[in-house]
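Asker: Supplied in structure tokens, the structure appears directly below.
The values are calculated or read from the model by the stated rules, or taken from the named source; none is laboratory data. These figures come from a predicted structure and were not determined experimentally. Counting neighbours? That spans all protein chains shown, and the Cβs are built from the backbone with ideal geometry, glycine included. For the accessible areas, the whole protein counts, side chains as well, though only heavy atoms, and no ligand, DNA or RNA atoms are used. Shrake-Rupley method; radii C 1.70, N 1.55, O 1.52, S 1.80 Å.
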Amino acid sequence: MSGKPRRRPRALLAIAVALSAMLLPATASAAAAHGHRALRPVPQTVVIDGHRLQQTKARLDHGDPALRAAVRTLTAGADGWLGQGPWTVVDKPAPAPGGDPHDYLSQAPYWWPSQPKTADNPRGCPYVQRDGERNPEVDTGTDRPDIGKVFNSVTTLSLAWYYTGHKQYAEHASDILRTWFLDPATRMNPNLDHGQFIPCKYDGRAIGIIDFSQQYTSVLDAVALLDTGAPGWTRSDRTAMRSWNTSFLDWLVNSDFGKQETAAENNHGTFQDMQIAALALATGDGELARRTVLDARALRIDPQIAGDGTHPQELARTRSWHYSTFDLVAYTRLAAIGRQVGVDLWAYEGPQGQSLFKAVDYLLPAATGESAWPHPELEFHRYAASDIVHAAADAGDAQARAAVGLLETPPGGDLWALRPAAEQLDSIAG
């Protein structure tokens with residue numbers, strides 16, 4: 001016999017290929033039945049690392065016990081949203097001052113009537129500011145409470161669908177998005193001309209943009225999750241949502257209110273940068289996203305963070321802990337966007353040594369319970385810093401990494417492993 005290997009006859013090769021084709025679907029089905037599902041496409045998220053989400057999903061499908069526990073917490077929240085909504089901007093009892101029911105309306109939270117309410121002065125005008133004290137009027141007659149529900153529900157439901165595959169979560173998230181943003185009868189106009197109005201004083205203000213900028217980037221990531229093949233979310237929905245976001249970005253960049261908010265020198269400016277960069281990335285303008293993150297080094301970090309890591313403007317507030325953590329939510333999310341466009345915001349140091357690492361490290365004694373927060377705070381919640389510390393730890397901060405085990409668990413559970421991007425964990429209703 002020859003020492004050469006035998007060649008497999010062509011007929012046998014054909015049979016082998018056919019059998020393989022028949023067996024592969026069966027193998028995939030068996031894997032799915034045992035919890036080992038095929039990887040979904042990498043979600044094109046703009047803040048959270050989509051590759052990290054995909055890897056987390058794979059670990060979950062292979063039975064990671066810690067992730068399973070986190071998903072139980074997540075789905076408990078998602079189940080609570082299934083019986084709520086959808087909401088619409090046209091449901092408020094009276095339209096915004098411009099008269100269009102599709103315009104968003106909210107009221108300035110820290111402004112209060114200074115006179116008794118009478119038939120001649122039903123509002124009790126003029127209104128005066130009481131910083132940090134929230135007027136309960138803002139929760140009636142405006143869109144502010146409903147938009148918070150839209151943001152929170154869509155984020156939670158989309159994540160729950162991504163990790164479990166249960167279609168009811170995706171279908172409800174899609175319904176909520178379509179009702180608020182896309183359906184011609186119920187959609188919101190892509191502007192914030194009447195955000196945080198003050199009765200008898202202003203029909204809207206630039207700082208009303210914070211109503212969206214503080215959470216809307218989470219919705220962008222939620223939409224990216226649905227875009228990976230969620231039931232109930234169609235190609236036309238995806239196209240229409242991108243169109244809405246393009247129009248909204250144009251308003252944010254070019255309107256007078258948008259320009260004023262970009263010029264703000266406190267957390268409003270930081271959140272505006274974060275929102276513009278995220279929207280730019282989501283709608284295909286990577287250059288605008290990159291430029292916005294780059295400019296934030298000199299325009300935001302240098303003047304807003306001191307060399308010792310403090311936020312002097314936020315420390316002057318009656319809720320200094322809340323606003324210090326709040327501003328760092330924007331910075332850490334902006335840094336996450338920067339990573340996607342080739343800018344390392346964590347590595348930046350200003351002329352006085354300002355940096356995001358120093359800003360987070362300044363919070364660590366209070367965040368871990370080692371010592372009291374030494375500045376004014378009407379409502380201290382230690383857990384408000386938890387996500388920020390996680391973000392710094394992931395970015396390489398050794399002090400933050402050592403502090404992670406000492407953090408206070410937020411009321412809704414620690415979901416960092418499932419959505420590794422900072423959220424404001426205490427109330428942001430103001």
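Asker: What list of ³J(HN,Hα) couplings, whole Hz, do you get for region 295-304 from phi and the Karplus terms 6.51, -1.76, 1.60, once you set θ to phi - 60° and write x for glycine and proline?
Answerer: 5, 5, 5, 7, 7, 10, 5, 4, x, 9
Asker: Take peptides 385-395, 89-99, 252-262 and line them up by average Cβ neighbours within 10 Å, highest first, as a rough protection proxy.
Answerer: 385-395, 252-262, 89-99
Asker: Each residue of region 50-55 in turn: what ³J(HN,Hα) in whole Hz from Karplus with 6.51, -1.76, 1.60 and θ = phi - 60°, glycine and Pro shown as x?
Answerer: After applying 6.51 cos²θ - 1.76 cosθ + 1.60, I find x, 5, 5, 4, 4, 5 Hz.
Asker: Given G232, L363, A330, which one lies farthest toward the positive end of the charge dipole of the chain, if we put +1 on the Cβ of every Lys and Arg and -1 on the Cβ of every Asp and Glu?
Answerer: The Cα lying farthest towards the positive end belongs to G232.
Asker: Note the full-extension length gain between D250 and D100 as 0.36 nm times their separation in residues minus their Cα-Cα distance, in nm to one decimal.
Answerer: Result for the pair: 52.0 nm of gain on full extension.
Asker: For the chain, find the longest principal axis of its Cα atoms and tell me its angle to the long axis of helix 356-368, 0 to 90°, nearest 10.
Answerer: Between helix and principal axis, roughly 80 degrees.
Asker: Hey, another quick one. GNM, the chain, Cα, under 10 Å: largest mean-square fluctuation among P43, P420, P116?
Answerer: P116
Asker: If you don't mind, there's one more thing I want to ask. Could you rank the peptides 74-81, 134-141 by their average count of other C-beta atoms within 10 Å per residue, with the highest value first?
Answerer: Packing proxy ranking, top to bottom: 74-81, 134-141.
Asker: Looking at the chain, how many pairs of lysines come closer than 27 Å at the Cα, when each pair is eight or more places apart or spans two chains? The partial results should precede the final answer.
Answerer: On the way: K57/K149; K57/K167; K92/K117; K92/K149; K92/K201; K117/K201; K149/K167; K201/K259.
Value for the chain: 8.
Asker: Separate question: What do you get for the angle between helix 267-282 and the principal long axis of the chain? Use alpha-carbon atoms, 0 to 90 degrees, nearest ten.
Answerer: Once rounded, one gets 30 degrees.
Asker: A follow-up question, please. Could you please state how large a percent of the accessible area of the chain is carbon and sulfur, counting protein chains only and using a 1.4 Å probe?
Answerer: 54 percent
Asker: Among L39, L157, what's the order by accessible area (1.4 angstrom probe), most exposed first?
Answerer: L39, L157
Asker: What accessible area per residue, rounded to a whole number of Å², is obtained for the chain using a probe radius of 1.4 Å?
Answerer: Here the per-residue accessible area is 45 Å².
Asker: Top to bottom by accessible area (1.4 Å), largest first, where do H166, H194 land?
Answerer: H166, H194
Asker: HN-Hα J couplings of region 145-155 from phi, Karplus 6.51/-1.76/1.60, θ = phi - 60°, integer Hz, Gly and Pro as x?
Answerer: x, 5, 5, x, 5, 4, 4, 5, 5, 4, 5
Asker: Sticking with this structure for a sec: Which angle between 0 and 90 degrees, to the nearest 10, do you get for helix 65-81 versus the longest principal axis of the chain when only C-alpha atoms count?
Answerer: With both axes taken from Cα atoms, the answer is about 50 degrees.
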